[in-house]
Structure formats: C-alpha cells, structure tokens
Amino acid sequence: MWDVAVVGAGPAGATAALAALRARPGSRVLLLDRSGFPRDKVCGDGVAPHALDVLEALGVVGLVDDWAPVHRLQLDRGEAGVERLLRRPARVVPRKVFDARLVDAAVASGAELRRHRVRSMASGQNGIRLDDTIEARVVVAADGAHSVLRRAVGPGPAGRRALAFRAYAPTRETGRGRQVIRFGQQRQPSYAWAFDRGDGWSNVGYGEVLGRGDPPSRDAMTAALDALLPQVSEGSREWQAHHLPLSAARWWQPDGRVLLAGDALSLVNPLTGEGIYYAVLSGALAGRAAVGRTASDDPGRAYRSAVQRELGRHLRHTNVVARLARHRPVVEAAVAAARRRQAVFDDLVELGLGRGLLTPRVLAGLLGR
Ligand SMILES: Cc1cc2nc3c(=O)[nH]c(=O)nc-3n(C[C@H](O)[C@H](O)[C@H](O)COP(=O)(O)OP(=O)(O)OC[C@H]3O[C@@H](n4cnc5c(N)ncnc54)[C@H](O)[C@@H]3O)c2cc1C
C-alpha cells in the first residue's frame, strides 16, 4: 500500500511527489510514467519565473540556472506591436532537460520512480487500485492532456482545446534574447511563436484554438507559421503537434481520493497556452493535500478548496479576457495599450503567465481604444 501514487511524471506529477514528501517526509510515494526519462514533450519550452518560485519553495533551487534568462517579450498583431522588458525574465528550456531534472529531484527526495503505463483504475479496499497491481491511499492523476484517469473518474465538463505544433530551428539574428509572439489574422484565436533558448536554437511553432470544424492539418499550420513569422522555421527539425486543454471559469475536481493536476485538470492558460506554471502549482497543492491531515477524510475536497483559493479568481478573469480576445480589435487594443504603458504590459504578462487579474488599467487600456 502506497501513501500516494502519482501517475505521470511531467511537471505536475514530479512536483506532486516533491510536495507530498516535503509535507510528510518518509511517505511512501510512487511516481509512475509510461516513458523513461529523459523524454521529449511537445511544448514551447517557455518556463515562467512563477513556476520556478513554486519549486524553490519546495527546496528545488536553481533548477535551470544554467539556461540563459530571456528578458524581452515581443507581441505583434498585424501592424501593431510592442516589445518590452519582462519584469522578471523567463527561461526557454527543452522539456527533455526540464522534466528530467524535476524527476531527478523527486527521486532524490524519496519518491520511487517506475516505468509503467496505467490503463485502469478502480476503488480498492483501503484506497485506489491501478491496473489491479498497485494500491495507494491517494492517487494524483497528472497524466496530461489525454488523461486516462480523468476519463476514469467521470466525464466532467468538456472544455475548449487548442492544437499546436513546435519545432526547433537555428535562432535568427532578430530573435536573439527574446520571446516573439505574433497573433494570427485568419483563425481566431491563434498565434505563432519563436522563443530563443539562448544556445543558438529557438523553439518555434504555431497553435490555434479548435472550433467545431476539422482541426487544421499540419500543412495548414506550417503555412500559418511561415506567413506570420517568415523564415523562422528555416533549418527546423523535430516537428510535433499536441493538444492543449484550456482552462475555463468552471473546472472540475471530484470529491474522493483521485486528485487531478496540470493538464489532466485542464489548467492551460487560454490566452497564452502556458501550462507549466499551473501544472507545477496544482501539483504542489495536490501533493500536499494527498498527505495532509484532511487526507483521511476527503483529499479531493481539500485539494479543490486549495486550487480554488489559489487560482479561482485568476481562472474567472482569464476566461473573460479569452472570450473578449476572440474579437480581433480587442487583441489589437491590448497590444496598443501595452505599448503605451509598461504597467499594462506587466499586467498582461501576469494574466498570461501567472495568477494575474483583469486590472482596472488593462480594462481602461482596452476601453480607451
Ligand atoms: C505545442 C505546445 C506548446 C506549449 N508551450 C508552452 C510553453 O511555452 N510554456 C508553458 O508553460 N506551457 C506550454 N505548453 C503547455 C505545457 O506543455 C503543458 O501544460 C504541461 O506540459 C502540463 O504538464 P503536466 O505535467 O500536466 O503534463 P505533461 O507534461 O503532459 O506530463 C504528463 C506525463 O504523463 C505521462 N503519462 C500519460 N499517460 C500516462 C499513463 N496512462 N500512464 C503513465 N504515464 C502517463 C506522460 O508520459 C507524461 O510524462 C505547450 C503545449 C503545447 C502542446
């Protein structure tokens, strides 16, 4: 009998394991993943400083200090554009590196890592049974955008999804030291990006929110990237696409012993596609709730309250802004307002990467247009 079984060793799962062991040292924590590490994960690789704050609070300090800080963010929309210094730099770290380091940290703190693809889940005598072979008092479901465990606990509300692909390409002179985002003109909402890793390579890609029609083909997405950011994909390799489950104002965590975290809880920011920070934060809360005093009563309920406390308002606000952003003039107004005032730019960054809210000055900037 494990105290906690964590399914999925991405940022959400590895952080959940770390947090459980930090909250209750000596707990028996099993970390399962279908892949061996290091493994790739399709992503823009942009790591917000907020994610590193959560990890530092769990004792994981300087995880990616050897990757160059990226100080500048450029946002473009048609002819309008803004480029400014970020209040705190981000880092662009291949997930093959980032995730493997996080898993190492979880193992170093006492988690047992096992390669295993979970296929089924059922109630056991004293806890939850996975594949009839593993039993744990509490399970953290951190198995990503296509979570098997989320489907097993119930349907939950069907949220919106985006589809995006990424590739790695040599960094162009104009892209050095910055993250560039250019919003699409055709499909809404959509954007292309080029994020400098600082080692001569950039993560480049394109994504769009899926509607009722057919998803875009690979050719359509590469054409969109080339149209929005000409030449950034020259010499590119490692093309791959993946879904992003976008967060909504209403989210779903059932009572009981299965805690959904990260993409399995659909926590990707609908404005930016950022999900690592929310994965790490929800993982930390899930790990704590799994071994907390209330865990014997109802860890699901305790965890739901914790997520609500930390992210509830932010999720409501980003949902409102995401709805507004479906209208092109709103995105243009936001870019123009950020160009006029650093403070508006900072607020928009917090909304897109952290726990920011729709502040009066952002609202005034939008209405001013
Ligand atoms: C193209 C693209 C670009 C993105 N860009 C960014 C960005 O720049 N910055 C950002 O912050 N976010 C970005 N995101 C979002 C980010 O990648 C995710 O939000 C983040 O990876 C979520 O972490 P997670 O731990 O919840 O899930 P994951 O990172 O997906 O980890 C899930 C783990 O579960 C394992 N697993 C799955 N099923 C099972 C199973 N049945 N049994 C055992 N193990 C299983 C998988 O192998 C995987 O290791 C992007 C996403 C995409 C698709």
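The values are calculated or read from the model by the stated rules, or taken from the named source; none is laboratory data. From a predicted model like this one, the values you see are computed outputs, not experimental measurements. Glycine gets a Cβ as well: all are built from the backbone with ideal geometry, and neighbour counts include every protein chain shown. To get the accessible areas, we keep the full protein, side chains included, count just its heavy atoms, and leave off ligands, DNA and RNA. Shrake-Rupley method; radii C 1.70, N 1.55, O 1.52, S 1.80 Å.
Quick test of your reading of the structure: ARG114 fulfils all but one of (1) away from the ligand (no atom under 11 Å from the Cβ); (2) of a type in the set (D, E, K, R); (3) open to solvent by 70 Å² or more (accessible area, probe 1.4 Å). Name the failing condition by number.
(1)
Taking the options ASP45, ASP53, ASP40, name whichever one is at positive phi and under 17 Å from the mean Cα position of the chain (by Cα).
None of the other options fit; the residue is ASP45.
Test each condition in (1) crowded, with 16+ Cβ neighbours inside 10 Å; (2) within 30 Å of TRP201 (Cα to Cα) for GLY78 and report the one that comes out false.
Answer for GLY78: the failing condition is (1).
Out of the residues in the range 142-164 that are of a type in the set (A, V, I, L, M, F, W, C) and away from the ligand (no atom under 13 Å from the Cβ), state the one that is most open to solvent (accessible area, probe 1.4 Å).
Across the range 142-164, the extreme among qualifying residues is ALA158.
Tell me the residue from ALA284, ALA264, ALA223 that is over 17 Å from the mean Cα position of the chain (by Cα) and either away from the ligand (no atom under 14 Å from the Cβ) or closer than 30 Å to ALA57 by Cβ (or both), please.
Answer to the selection: ALA223.
Mind checking which residues of the range 219-260 are open to solvent by 60 Å² or more (accessible area, probe 1.4 Å) and part of a strand (DSSP E or B)?
Selection gives ARG237, GLU238, TRP239, GLN240.
Please find, within the range 7-36, the residue that is most open to solvent (accessible area, probe 1.4 Å) out of those that are under 15 Å from VAL148 (Cα atoms) and of a type in the set (D, E, K, R).
ARG34
I'd like the full set of residues that are more than 6 Å from the ligand (Cβ to nearest atom) and open to solvent by 30 Å² or more (accessible area, probe 1.4 Å), limited to the range 37-51.
PHE37, PRO38, ARG39, ASP40 - these are the residues of the range 37-51 that are more than 6 Å from the ligand (Cβ to nearest atom) and open to solvent by 30 Å² or more (accessible area, probe 1.4 Å).
Just a yes or no: is a residue in the range 131-141 among the polar types (S, T, N, Q) and within 9 Å of the ligand (Cβ to nearest atom)?
no
Which helices (runs of 4 or more DSSP H) does the range 271-341 wholly contain that include 1 or more residues that are touching a helix residue (DSSP H, G or I) at 6+ places or on another chain (Cβ under 9 Å) and under 14 Å from GLY356 (Cα atoms)?
Helices (runs of 4 or more DSSP H) meeting the threshold: 276-291, 299-324.
Could you list all residues from the range 175-188 that are surrounded by fewer than 20 Cβ atoms within 10 Å (Cβ to Cβ) and over 23 Å from ASP66 (Cα atoms)?
GLN185, GLN186, ARG187, GLN188
Going by the structure shown, is SER109 hydroxyl-bearing (Ser, Thr, Tyr), more than 11 Å from the ligand (Cβ to nearest atom) and surrounded by fewer than 20 Cβ atoms within 10 Å (Cβ to Cβ)?
Yes; evaluated as a whole, the condition is true for this residue.
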